[in-house]
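The values are calculated or read from the model by the stated rules, or taken from the named source; none is laboratory data. Note that this is a predicted model, so its numbers are computed, not measured. Neighbour counts run over all protein chains shown; Cβ positions are idealised from the backbone, glycine included.
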């Protein structure tokens, strides 16, 4: 099956990046959200990110204009549903995702492939509540989408081979690399990454080190480009907590127990960069550790 048009549901950090890379690869993109402000911010972000690529010589000015022209922002979920491939990129909440798939159902074409950009939730369970579990997959992009090379492809128990092969070809056309994962909690990347971040929060919680020393230790001692607490702020502490809860609930192992301090930061609304405070305070000229 050839994919020509793509509907992206959710115009936030992940959704606008997904719309960006698909438009740049020549796909017609319908980008939808419940908020006009979110759509306006998304288009402004895409414009800025394309500008950066133009300045680096990765995209021509003509290529930028063509990509922007391929993206149609809309408040209509029905328009996003009437495409060849739908990518749900809403918040990491199973209830929210299920509501979106329920609302999309009347507007889908018979051949439309449904996907979720979830970073941890069961693909089999999401697919089972739709009318097309054989044409449903996890399509997990890494953040920031225009920069990161990897896409995790996750098959549910009912996903057919044609759907998998179609999305494999899509990833190739995007110029990215696919890693195929089985449908177990958090898949590959977050199964390994988020518990490491949670362990760093435990090290902070138990007084093993402060924010700066923990991040410096992992950057200089393990050659990580970002420290784990800095990375948590970048991902979003609410997302990290949600993934840890999925791991803990899905695998039933105490080693996946979310650190209480991570929960406290989320309760405070200190979610990282997107709220200007997390393990660092971003409201000044330079980030300042909050512990």
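Here is a check on your reading of the model: is residue 144 at pLDDT below 95, touching a helix residue (DSSP H, G or I) at 6+ places or on another chain (Cβ under 7 Å) and closer than 30 Å to residue 27 by Cα? Yes; evaluated as a whole, the condition is true for this residue. Among the residues of region 12-39, those that are in contact with a helix residue (DSSP H, G or I) (Cβ under 6 Å, 6 or more places away or on another chain) and either outside any loop (DSSP other than H, G, I, E, B) or more than 16 Å from residue 78 (Cβ to Cβ) (or both) comprise 16, 20, 23, 24, 25, 28, 29, 30, 31, 32. Can you find even one residue in region 56-78 that is surrounded by 14 or more Cβ atoms within 10 Å (Cβ to Cβ) and within 23 Å of residue 238 (Cβ to Cβ)? Among the residues of region 56-78, not one is surrounded by 14 or more Cβ atoms within 10 Å (Cβ to Cβ) and within 23 Å of residue 238 (Cβ to Cβ), which makes the answer no. Residue 186 meets each of the listed conditions (1) in contact (Cβ under 8 Å) with a residue 40 or more places away in the chain; (2) touching a strand residue (DSSP E or B) at 6+ places or on another chain (Cβ under 6 Å) apart from (2).
Among the conditions (1) touching a residue at least 40 places away in the same chain (Cβ under 8 Å); (2) more than 15 Å from residue 197 (Cβ to Cβ), residue 246 misses just one, which is (2). What number of residues within region 149-183 are part of a loop (DSSP other than H, G, I, E, B) and in contact with a strand residue (DSSP E or B) (Cβ under 7 Å, 6 or more places away or on another chain)? Of the residues in region 149-183, 5 are part of a loop (DSSP other than H, G, I, E, B) and in contact with a strand residue (DSSP E or B) (Cβ under 7 Å, 6 or more places away or on another chain). Among the listed residues 146, 110, 133, 195, identify the single one that is in the same structural domain as residue 38 (by TED's automatic domain parsing) and closer than 21 Å to residue 226 by Cβ. Matching residue, one of 146, 110, 133, 195: 146.
Counting the residues of region 23-48 that are crowded, with 22+ Cβ neighbours inside 10 Å and in contact with a strand residue (DSSP E or B) (Cβ under 6 Å, 6 or more places away or on another chain) gives 6.
The condition of being in contact with a strand residue (DSSP E or B) (Cβ under 8 Å, 6 or more places away or on another chain) and either under 30 Å from residue 56 (Cβ atoms) or free of Cβ contacts under 8 Å to residues at least 40 places away in the same chain (or both) does not hold for residue 104. Among the residues of region 276-285, the ones that are out of contact with any strand residue (DSSP E or B) (no Cβ under 9 Å at 6 or more places or on another chain) and surrounded by fewer than 16 Cβ atoms within 10 Å (Cβ to Cβ) come to 3 in all. Within the set 177, 159, the sole residue that is touching a helix residue (DSSP H, G or I) at 6+ places or on another chain (Cβ under 9 Å), without any contact (Cβ under 8 Å) to a residue 60 or more places away in the chain and buried (at least 21 other Cβ atoms within 10 Å of the Cβ) turns out to be 159.
Residues of region 269-291 that are assigned to a helix (DSSP H, G or I) and more than 16 Å from residue 228 (Cα to Cα): 274, 275. Can you find even one residue in region 84-97 that is modelled with pLDDT under 95, surrounded by fewer than 19 Cβ atoms within 10 Å (Cβ to Cβ) and in a loop (DSSP other than H, G, I, E, B)? Yes, there is a match, as at least one residue in region 84-97 is modelled with pLDDT under 95, surrounded by fewer than 19 Cβ atoms within 10 Å (Cβ to Cβ) and in a loop (DSSP other than H, G, I, E, B).
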